[in-house]
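Reading through the structure tokens given below for one structure.
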Amino acid sequence: MNLIRTGILFLVAGCLGVLWAEPVTINIDADKPGAAIPSTMWGIFFEDINFGADGGLCAEKIKNRSFEFPDGLMGWTELKSAASGSLQILDSDPATPVNPHYLRLKADKAGYGVASDGFRGIGLQKRDEYVFSVTARKVGEGKPSLRIELVTPDGKVLAKENLAKFESKWTRSSLTLRPSATELHGRLRIVANAAGTADLDWVSLVPKKTWKDRPNGLRADAVQWLADLKPGFLRFPGGCIVEGRTLDVRYQWKKTIGKPEDRPLLINRWNDEFKHRPAPDYFQSFQLGFFEYFQLCEDIGAEPLPILNCGMACQFNSGELVPLDQLDPYIQDALDLIEFANGSADSTWGKIRADMGHAEPFGMKFLGVGNEQWGPQYIERYELFAKALKARYPNIQLVSAAGPSPDDERFHFLWPKLRELKADIVDEHCYANPEWFFDNAGRYDSYDRNGPKVFMGEYAAQSVKTVSPDNRNTWRCALSEAAFMTGLERNADVVVMASYAPLFAHEDLWQWRPNLIWFDNLQSYGTPNYYVQQLFSCNRGDFVLPVRIEGQPAATSKQPGLYVTAANDLISGQIILKVVNSADQAVVSEIRLHGVKSVEPKGTQILLTGKAADENSIASPKTVCPVVTTFSGAAVSFQRSFPPLSLTVLRLSVQD
């Protein structure tokens, strides 16, 4: 009888293409909750790479709007036609002394002017409203008059308005343009209606529709992708961008607050880092500065996690160091940042925050000391930072660095040192092939439960190799990350934060791939990796539930199978089960819930699956995306078949 039953099971298994003849058993001890899953478990890592800020998250359409690039006319084109005139970059008697350069446009007759191509074009939506503004003044006794146009690449005018009132002193003027058609690669033209001379600065074109309708705000669709992740934290501003190639071009948060026109331009760390993807027009305007980062965190319900320079330039570049006896200004910057974020409105830095429009503190709880540093020089500097910060603000959790690799000599030097220093949270990074992620779901099972907590601060599966321009956001890469993430969640008593990196990339302007969210000048889409992050974050649960798998060996890259984690949700009264099937065949599983009286027969399934090489794109943004269904047959013990190459989330309503 058993032989007949076994033969039938093998026959059915072969017909259905399932991996195991006998069902794999998933045992969940629902009455034995383990570690609490931190609200910060799944978060966001933001760095201004791939034109993620200027030209990306920022809604501003004009590049080099204040003519501060080393080549003052970079991003701008002279319009001659049959007219003549001249363009000059000047800095005498400027509109703002911090960014002193401006454009003098002298037209000898009508038709002369200048055009901006934005960030490889200007995205325009038909009949949407765009606010053009400029700080300008007239020069001499003439009466300059300018025509502001939005045009297609071949010059067809989609919208135009005149700007005719110019004073002898710097004055801000604005008007609204409504294009008659949608255009991905539009241009802004500023054309003289008659002879005359005008000085122009802070040229801006921003859609009226921004995130929360804030003037000069953030791109609404980009922020919505972040909000839909329901992130526990937002790490900013990086990343290697924190360090700078040399210390003089490091990120300094105090230069990113206050009025936008008082924030000095800085070369972007990724300007020409990669010779295969040079970006000579990549600079930071800081229209997205620390105040805006904190505000964004508040908007999307994420804990702010700022990262500050610790007196070390990027060790992949110059590795420049601030001498230990000259480190005090760097430490003071950290102390002042905490006051800026958390101080009362009558404190020195809290008042600056309040004057910017946020009287209440932001309630910052975390602060990163350095980014991806390593070696004894980092330990020396971290120790000084920690001593000063903990003395003044003992409740701030400090994030320390474990270097750029998850298992090299730098990593193994840092961890014991940070453990000795009783570090709060250690930031680990890993960019590796999918096999590494499939093989490391159990990485944290053996970590010391009494040592520092772990922040897996940067990770992403690389389809080819790290830094390769041929890397793709394939479903196999995303699935390997999902397998790894089951291990992060199972070890929530050790791992308290995790974030994929990088976050954003412009389709035409990227330097690094893969990335979580891609966009062009009009549209955006989430990758398969994005949906993996979303499913884990939006189905986090409160406490880890013990899981035992019977009937299969531990899954690895060479032995595909099931990776499983479970949690309870106290508010909904549900058990949340996440199952990754890394095999090319379906796996039938017997799910057994121990310690519950009953289970509601109807459950919810969220399924994410596809072919290994599947990707999303602007043209096909939902090739791999979650499908939500209701299923029947849930019980204390029931069977489910998990499709090949899939991530499945089951939500089961139970009674204890």
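Read-outs throughout are calculated quantities, based only on the coordinates presented, and are distinct from any laboratory measurement. Just so you know, these numbers come straight off a predicted model, no measurement behind them. For neighbour counting, all protein chains shown are included, and Cβ atoms are generated from backbone atoms with ideal geometry for every residue, glycine included.
Observations
- Once the chain from E600 to V627 is taken as fully extended at 0.36 nm per residue, the excess over their C-alpha distance is 7.6 nm.
- Residue-count net charge about V532 - beta-carbon cut-off 12 Å; Lys, Arg +1, Asp, Glu -1: +1
- Bridging of K80 to lysines at a Cα separation below 18 Å is possible for K106, K109, K156, once same-chain residues fewer than 8 apart are set aside.
- Legend: ranking of residues E435, E507, E273 from fewest to most surrounding C-beta atoms inside 10 Å; resulting order E435, E507, E273.
- With the simple model of a label 7 Å out from the Cα in the direction of the Cβ, D262 to E360 spans 2.6 nm.
- Dipole of the chain, positive direction: furthest Cα of A194, M356, G343, with charges on the beta-carbon: A194
- Spacing of the two label points (7 Å from each Cα toward its C-beta) at D128 and C538, in nm: 2.3 nm
- Listed values for the range 414-428 are Karplus-derived 3J(HN,Hα) couplings in whole Hz (6.51 cos²θ - 1.76 cosθ + 1.60, θ = phi - 60°), namely 6, 4, x, 5, 5, 5, 4, 7, 6, 4, 6, 9, 10, 8, 9, and x replaces Gly and Pro.
- Computed from point charges on the beta carbon alone (+1 for Lys and Arg, -1 for Asp and Glu), the dipole magnitude for the chain about its Cα centre is near 1480 Debye.
- Reported to the nearest whole Å, the Cα centre-to-centre distance from the range 24-56 to the range 591-656 is 18.
- Between the residues G258, L105, A492, the greatest Cα displacement towards the positive end of the dipole of the chain, with unit charges on the Cβ of Lys, Arg, Asp and Glu, is found for L105.
- Sorted by Cβ neighbour density within 10 Å, fewest at the top, the residues M485, M456: M456, M485
- The range 83-122 and the range 387-458: distance between their alpha carbon centers, rounded to Å: 50 Å
- Theoretical ellipticity at 222 nm over the chain - DSSP helices of four or more residues, -39500 (n - 2.57) apiece, nearest 500: -5500 deg cm²/dmol
- Per-pair calculated FRET efficiency, R0 = 25 Å: R104 and A194 via Cβ, rounded to 0.05: 0.90
- For F283, the residues whose amide H sits under 5 Å from its own are N268, ignoring neighbours fewer than 5 places away on the same chain, with H placed 1.01 Å from N.
- Rounded tilt (10° steps) of 376-392 against the dominant C-alpha axis of the chain: 90 degrees
- Stretch gain in nm, segment E590-S617, where the contour uses 0.36 nm per residue and the Cα spacing is subtracted: 6.1 nm
- Residue among Q639, F438, L562 farthest towards the positive dipole end of the chain, charges placed on Cβ: Q639
- Close amide H pairs (under 5 Å, H built 1.01 Å from N) link I307 with F236, G238, G368, residues at least 5 positions away or on another chain.
- In a DSSP loop and with at most 15 other Cβ atoms within 10 Å, the trypsin sites (Lys or Arg not before Pro) in the range 366-464 are K422, R449.
- Cα centroid of the range 196-270 to Cα centroid of the range 473-487, whole Å: 31 Å
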